[in-house]
Amino acid sequence: MDATPAAASAKGSVELREQPKPAPASAPAPVTVNAMRAKAAAATSADTENGYDARPPATVQDTSVRNDWLKRIRELMAQGDRDGARSSLQEYRTRYPDATIPADLQPLLATPPAKTP
């Protein structure tokens, strides 16, 4: 008896079958900001005591970043750096065109920068 595949297929006793393909691996679920915040909130106090901060970093879309930026503009105004404050506010408007400019900072947009001698 010849055991070669050609001989076996000639006799009809061996049938070649395609192996079933493995199921595609499903992609992991995307991590949402809320999930990251919940994970950070669950961090133990020991983590922060050891100098490790489990909170995720702020992103430019986070309102705290915008508020901090406006706070910094106000600090520049308080230091007398009106041109720096104006420049920073203009950049803020470029970055966030739909954001409402607080009333106390709107005069910066109306006044031209000081001329340097």
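Across region 86-94, rounded Karplus estimates of 3J(HN,Hα) from the backbone phi angles (6.51 cos²θ - 1.76 cosθ + 1.60, θ = phi - 60°) give 4, 4, 5, 5, 5, 5, 4, 5, 5 Hz, Gly and Pro being marked x.
Plainly put, region 63-110 has a radius of gyration that is 0.92 times its Kirkwood radius, both from alpha-carbon atoms, as the Rg/Rh ratio.
Each peptide in 104-112, 77-85 receives the mean, over its residues, of other Cβ atoms within 10 Å, and ordering these scores from highest gives 77-85, 104-112.
Report the extension gain between Ala99 and Thr63 in nm, rounded to one decimal, defined as 0.36 nm multiplied by the number of residues separating them, less their alpha carbon distance.
Working: separation 36, 0.36 × 36 = 12.96 nm, distance 1.06 nm.
That works out to 11.9 nm of additional length.
Extension gain for Lys71 to Asp83 (0.36 nm times residue separation, less C-alpha to C-alpha distance): 2.8 nm.
Read-outs: derived from the displayed coordinates by stated rules, not from any lab. None of these values were measured; they are calculated from a predicted model. A quick note on method: Cβ atoms are made from the backbone with ideal geometry, for glycine too, and the neighbour counts reach across all protein chains shown.
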